[in-house]
Every structure is written in C-alpha cells, then in structure tokens.
1. Would you mind telling me which numbered condition in (1) part of a loop (DSSP other than H, G, I, E, B); (2) over 17 Å from residue 323 (Cβ atoms) residue 253 fails?
2. Please tell me if residue 81 is more than 26 Å from residue 362 (Cα to Cα), out of contact with any strand residue (DSSP E or B) (no Cβ under 9 Å at 6 or more places or on another chain) and either in a strand (DSSP E or B) or open to solvent by less than 20 Å² (accessible area, probe 1.4 Å) (or both).
3. Can you name the residue in the stretch 93-109 that is open to solvent by less than 10 Å² (accessible area, probe 1.4 Å) and in contact (Cβ under 8 Å) with a residue 60 or more places away in the chain and is also nearest to residue 46 (Cα to Cα) among such residues?
4. Looking at the stretch 278-311, which of its residues are at pLDDT 95 or above and within 23 Å of the chain's Cα centre (by Cα)?
5. Go over the candidates 374, 386 one by one and state the one that is out of contact with any Asp or Glu (no Cβ under 9 Å at 6 or more places or on another chain), part of a helix (DSSP H, G or I) and more than 17 Å from residue 251 (Cβ to Cβ).
6. From the residues in the stretch 232-261 that are of a type in the set (A, V, I, L, M, F, W, C) and out of contact with any strand residue (DSSP E or B) (no Cβ under 9 Å at 6 or more places or on another chain), which one is surrounded by the fewest Cβ atoms within 10 Å (Cβ to Cβ)?
7. With the requirement that a residue be open to solvent by 60 Å² or more (accessible area, probe 1.4 Å) and more than 25 Å from the chain's Cα centre (by Cα), what does the stretch 312-326 give you?
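The values are calculated or read from the model by the stated rules, or taken from the named source; none is laboratory data. Keep in mind it's a predicted model, so treat the numbers as computed, not measured. Counting neighbours? That spans all protein chains shown, and the Cβs are built from the backbone with ideal geometry, glycine included. Just so you know, the surface numbers come from the protein's heavy atoms only, side chains and all, with ligands and any DNA or RNA stripped out. Shrake-Rupley method; radii C 1.70, N 1.55, O 1.52, S 1.80 Å.
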Amino acid sequence: MNLVVVSNRVARGKPNEPMTGGLAAALLPVVEKSGAIWVGSSGRVRDGNQKEPFAEVEALGAGALAMLDLPAAHYGGYYEGFANSALWPALHSRADLIRASEEDYASYREVNAFMARALLRFRKEDSVFWIQDYHFLALGAELRDLGIDKPIGFFLHTPWPARAVIEGVPHHRELIEAMLAYDLIGFQTEEDCENFLRYVEADLGLAVRNGSVISRYGRSRAAVFPIGIDPGKFAQQATKAMTHPDVSRLRRSLNGERLAIGVDRLDYSKGLINRIKAFDRMWTMHPSLKRTISLLQIATPSRGGIEAYGNLQSEVAKLVTDVNGIHGEVDWTPIRYLNKGFSQAVLAGLYRTAQVGVVTPLQDGMNLVAKEYVAAQNPADPGVLVLSKFAGAANELDAALIVNPHDVDGMARTIATALSMPLAERRLRWEAMMDKICTHTIQQWFADFVEALQDTGDEKPERSPPLAEPTHLPFRSARIH
C-alpha cells in the first residue's frame, strides 16, 4: 500500500523549532515510521502561471514530505476566508463569528481542486489517500472527478457541531454532499459523529444504517477514531528536558512556588478569557494562595489577519495586565504570559515542572495538550489535570478534574482543589489517565484508521442517484494553471 496523507500544513520536524499545531505534532512521528508521503502547503504562494503545481519533496524517515506552493490569487480567500472565518467558527459552535463571501467560497473550492490535481503525481497503482481536516472537505469529490477510484479517507480534527450551527455555513449542503465522496469519515468523539449523521439524514434525506450512507458517490462510513500521542516518547522528552536552559531558569525563578500551566494557540475556542478570570477569582476568594501559585500561559499568536483573532489578542493582553496589576507584588507576578511557541521537547519539561495543567477550551476536537501534560508528569509526584468537559479528551481522561469552562467560579474552586490534592489521590488519578493514554496512542489511531480505510476498498460501492445537480460547477470551470 502506498499511503498519501494530505493536510493544509506539514511539519518539518526540526527538534528545536516550535510545532505549528496539534495536527502537525501528531502526524509527524507516524509518517516518519510508516513510509507514507505527507503532502501539504509549503507556506508559500505562487501566481497562477505555472502549468503544474510545484512541489518540493524531502525525505522524512521512512516516509517523505511534499510541500506545495498554493495559488496566490486564492490562498487568502481559502485560508483566512472560508476555512477560518466560516468553517472554523461553525465547527466550534460560534455561529455568531461566521463570516464568508462568495469569493471566499470560490477560492476554497479552487484550492481544493488545485490540491486534487497536485495529488495525481503521487498516485500509484496501490495508492490510498487520507485527507486531514476542515481545509479539504471537498477534496475527495475533486479526486473522484479526476478519476480516482481508490480508497479515500477523511479525518476531522475539530468538533462537528449540531445541525442548527452547521446550517449557518454558506453552501453547507453542497459541502457535505461533497464529503460523501470519502469512503471513510473519521471523528474524534461519538457526539461529533452523531451530529454529522443527523445532518445527513435530516438535511440530505439519506438513510443511515450502522454509520454508513449511500450517496451518488457510493458508500461512506462515519466512525470514531480518537487521536492520541506517543506517551513513552513524551515521558522521555520530559525527563530529559529538565536540564534544558529554559526549563532550568523557570524552576529557579519559582523559589518553591507552585506553577499552573496553559498551552494554547491564541484562539477564541480555547477559553483563555474565562481561564484568566478563574485565576483572578481564585486569588480573590483565597488570598492565602497569592505568592504560592502562579500561571504560566503560553498563547501562540494565530491567524492575525482575521478580526476576531486580533480582538482576542488585545482582550487577553489587557486582562492579564489587569489581573497582574490587582494581585501582583513587587517581587511576584501572578500570570506569566508568553506569545511565542516552544518545541515539543521544551514543552515536555515545562509540563513536568507544573503542578497543575489547565486545559479549559470552550470547544475542542480532542486537545492533545491534555494528554501531553499527563504523559510528562513524574510518576512519583504527578501534577493534576484540570480539563474542560467540552474537550474531546474528557471522554477518555475522566480521572482529571472536569470543569465547565463557562463557570468561572467553579473553575476557580477546582484549581484550588487541585492544589490541595493529596499525593495518593494524585497518583491514582494519574495512573488511570496514563492507562487510557497508553491504550489510545497515536500509532494505534493511525493503524486503526488505515486498516478501516483499506477495508472499504474491499467493498464494491453501491451508488444512489444524484441528490441534485452539483452547484459548484461554475467555480470549477475557472481552473488555475
């Protein structure tokens, strides 16, 4: 089998460089070992004059990376436009933030079509395609139009919202019809999968039987594949990183004080405002905790060209300043706030240093930070994970302290509880979470999905009549050359 993995970004995997996101960090090790070719954006754009999409290919362990320059005329509308101003807010149940123009949607479809044409050069007789995430909902349909009849799978790393929310996305019906070109559609949680299938039944009028749907593309199966990490490797990194200069300086600066840590992209889905308010409330309700616990919040800037993100960055920075101004002392800063990324190796050491991991998104597909924090702990003296009930990880890590991220006072009380938890209870909770993390590893996720995808190729696809004439044809006539 020749596996072709596709995502918007690829990770170069340089050990001392910050990782660009959870998806990249997750895929890198399995691509290295599996021999897959991983295709994605180079981060550069080109004008539309090239006859063939330009790809730079480099070896990655047993596999390879292929980095494409995407078309300059459509990249902004595709990425900052439709993908991140329409789909991302909808998928995270923020219908109030959906912004999209017809031009953005046209660009999104054009980049999906461009990527499909680029993938043809990686096709072999035994090729299987695995498409990642919301940037490429329509890529499977584009590949089918180009004559690809091999198995094509799709995995969504974000949540999938209720019908009423996804219906707020322009062209939602057309996009979800296009998704049915995938043989296998994977989700992080049962709730995500059920929400998708409810839409297919109610809005597309298609029958769902045992998670499978028959459309004009044939049979599609929707299933749950919770993503994991490599806990053994992360634990090793955490132990080794304790001597890293960044980690050593942090430990010295604490002067015996305890530390809570949050690591997130600067995104409205991550619940940063309520998290900071919870620490403010905790120090107000429990003044004795001042000078005994501080928060290290790493918030990597993201999508700065989108208005909602620029507003959030200003709001978080102001709130941190206000809280530090109220509770801080001349020799004590309650919140250490950093707007930069760190390598996985350094993060592992920072996690191990912190007595409390705070992962409180308002909505998240999985949130691998939660699993990384647990894997990084010292088994003899582990920290406590405070975890949002709305992160996919909460389905597995039920031994964490589960919180409602909208309940600021409740979070404040729970963080205080974490700080007073006795060692015996901390160990029991950590062991229970590690059992789950070691069962559902990144390697197992990869193997389970690929096996299920290969199984779809053994079935002769049934087909139903077209639901309607596809309305995206006018966009697809304006090809990029």
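1. The one condition residue 253 does not meet is (1).
2. Details: more than 26 Å from residue 362 (Cα to Cα): no; out of contact with any strand residue (DSSP E or B) (no Cβ under 9 Å at 6 or more places or on another chain): yes; either in a strand (DSSP E or B) or open to solvent by less than 20 Å² (accessible area, probe 1.4 Å) (or both): yes.
No: the conditions fail for residue 81.
3. Taking the candidates together, the pick is 109.
4. To start, the set of residues in the stretch 278-311 that are at pLDDT 95 or above comprises 278-299.
Matches in the stretch 278-311: 296, 297, 298, 299.
5. Details: 386 fails: part of a helix (DSSP H, G or I).
Within the list 374, 386, the selection yields 374.
6. So the first thing to find is which residues in the stretch 232-261 are of a type in the set (A, V, I, L, M, F, W, C), and the list is 234-235, 238, 241-242, 247, 250, 254, 259-261.
Of the ones still in play, those that are also out of contact with any strand residue (DSSP E or B) (no Cβ under 9 Å at 6 or more places or on another chain) are 234-235, 238, 241-242, 247.
Working: 234: 24, 235: 21, 238: 24, 241: 24, 242: 14, 247: 23.
So, considering only residues that are of a type in the set (A, V, I, L, M, F, W, C) and out of contact with any strand residue (DSSP E or B) (no Cβ under 9 Å at 6 or more places or on another chain), the one surrounded by the fewest Cβ atoms within 10 Å (Cβ to Cβ) is 242.
7. Step one: list which residues in the stretch 312-326 are open to solvent by 60 Å² or more (accessible area, probe 1.4 Å), which gives 313-315, 318, 321-322, 325-326.
Scanning the stretch 312-326 gives 318, 321, 322, 325, 326.
Rundown of residues vs (1) under 25 Å from residue 281 (Cα atoms); (2) open to solvent by 10 Å² or more (accessible area, probe 1.4 Å), yes/no style:
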site: 354; (1), (2): yes, no
site: 361; (1), (2): yes, no
site: 377; (1), (2): no, no
site: 390; (1), (2): yes, yes
site: 396; (1), (2): no, yes
